[in-house]
Amino acid sequence: MKNKHLVLLFLVVLACSKFLRDIPWPSGPEFRNAIVKIDSTAVRRIEIAQKPAGDTLFLEKIDSGWAASNGFRTCKMPQKMLSQIFQTLSEIKTVNILKSKLTEKWPFSPDVAVAVFLENGKTEKFELGKIQTINCLKMGNSPDIFEIEGNPAAAFQLNFNDLREKNLLQFSEKPVSISFNYKELPPVFFKLEDGKWVAPGGRLIILDENFQPFFEKITALKNLPFADDFDENLEKELFFGKITFEFPTASPISLTGFSGSEYGNFVLQSSQNIENQFLISDSLGQEIFLFPKNWLPK
């Protein structure tokens, strides 16, 4: 073998040994322990901060269950997502401790920081993220970084809007009466009688089939954008009208509309989802709320 081949072989072996020395190998025998030991019944608050410099989500135990907040708005925390968070907390298991010199070469990159506040006043803090492709956890101020099973960070990567109730309203049965109340127009009331929608005194009668376009527009109000810029202090000033639906057995449902040049859009709020307001076009809002106008005597 020629000298240049020996030199080349030596360089290859040297490079391989350096690479194998530096990749994230375990620092000791593999072990599997539950590192986050939290009793879900003892938790009163959870803070979840997205990294780097992302939004922080606040989960708080209240009398009626759990609430979620982004610091500006609050909504009810869906039980399914809450259960997933507590299940993930109980299932985080370490595999090994990574060598410190490896974490110096490949710094730990946290995706999410979690703080769990307990009823006894104690707080558990940890960060979840990766080193290269390895899922890792760092507990509080401890310098140790653990390799962990699976990817528990995914359960904490939540957006506040993902938690909010997106249904404006939903009928479980057909209405038997509908009232339209307006800020600047006389009210209109209809009652369903023998396949016809009849106003008091019979002054206005609409066949049920002719009422269907109205119901189609109502039931199509899905996946609407949130009206988070709506100023609730202007509710009285921007009030356009309220539609109230009554049913044979279910509780009444009201749909309130807000409109005006001060805001520039039509905003809807339902008694079924009082925490949120939704945006629709001004033209669609007018069509829905002024539906009876099409049938009033000219």
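Data for the structure
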{"quantity": "Lone qualifier among Lys61, Lys76, Lys80, Lys4 - being exposed (fewer than 10 other Cβ atoms within 10 Å of the Cβ), modelled with pLDDT of 85 or more and more than 21 Å from Ile131 (Cα to Cα)", "calculated": "Lys80"}
{"quantity": "One residue from Leu255, Leu234, Leu296, Leu238 being under 30 Å from the mean Cα position of the chain (by Cα) and at pLDDT below 90", "calculated": "Leu234"}
{"quantity": "Any chance Phe226 is at pLDDT below 90 and surrounded by 14 or more Cβ atoms within 10 Å (Cβ to Cβ)", "calculated": "no"}
{"quantity": "For Ser142: the one exception among (1) modelled with pLDDT of 90 or more; (2) among the hydroxyl-bearing types (Ser, Thr, Tyr); (3) assigned to a loop (DSSP other than H, G, I, E, B)", "calculated": "(1)"}
{"quantity": "The lone exception for Pro107 - which of (1) surrounded by 15 or more Cβ atoms within 10 Å (Cβ to Cβ); (2) in contact (Cβ under 8 Å) with a residue 24 or more places away in the chain it fails", "calculated": "(1)"}
{"quantity": "Residue ranges of strands (runs of 3 or more DSSP E) in segment 191-264 with at least 1 members under 16 Å from Phe278 (Cα atoms)", "calculated": "239-246, 253-258"}
{"quantity": "Out of Phe160, Phe146, sole residue that is surrounded by 13 or more Cβ atoms within 10 Å (Cβ to Cβ) and within 24 Å of the chain's Cα centre (by Cα)", "calculated": "Phe160"}
{"quantity": "Selection count where residues are touching a strand residue (DSSP E or B) at 6+ places or on another chain (Cβ under 6 Å) and closer than 17 Å to Leu268 by Cβ, scope segment 161-174", "calculated": "4"}
{"quantity": "Qualifying residue in segment 18-31 (condition: out of contact with any Ser or Thr (no Cβ under 6 Å at 6 or more places or on another chain), at pLDDT 60 or above and part of a strand (DSSP E or B))", "calculated": "no"}
{"quantity": "Every pair of residues 6+ apart whose Cβ atoms lie under 6 Å, when the first sits in segment 115-133 and is at positive phi while the second is charged (D, E, K, R) and surrounded by fewer than 14 Cβ atoms within 10 Å (Cβ to Cβ)", "calculated": "none"}
{"quantity": "In segment 247-267, residue surrounded by the most Cβ atoms within 10 Å (Cβ to Cβ) [restricted to those that are within 18 Å of Glu235 (Cα to Cα) and out of contact with any helix residue (DSSP H, G or I) (no Cβ under 7 Å at 6 or more places or on another chain)]", "calculated": "Val267"}
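The values are calculated or read from the model by the stated rules, or taken from the named source; none is laboratory data. Keep in mind it's a predicted model, so treat the numbers as computed, not measured. Because the Cβ atoms are built from the backbone with ideal geometry, glycine has one as well, and the counts that use them run over all protein chains shown.
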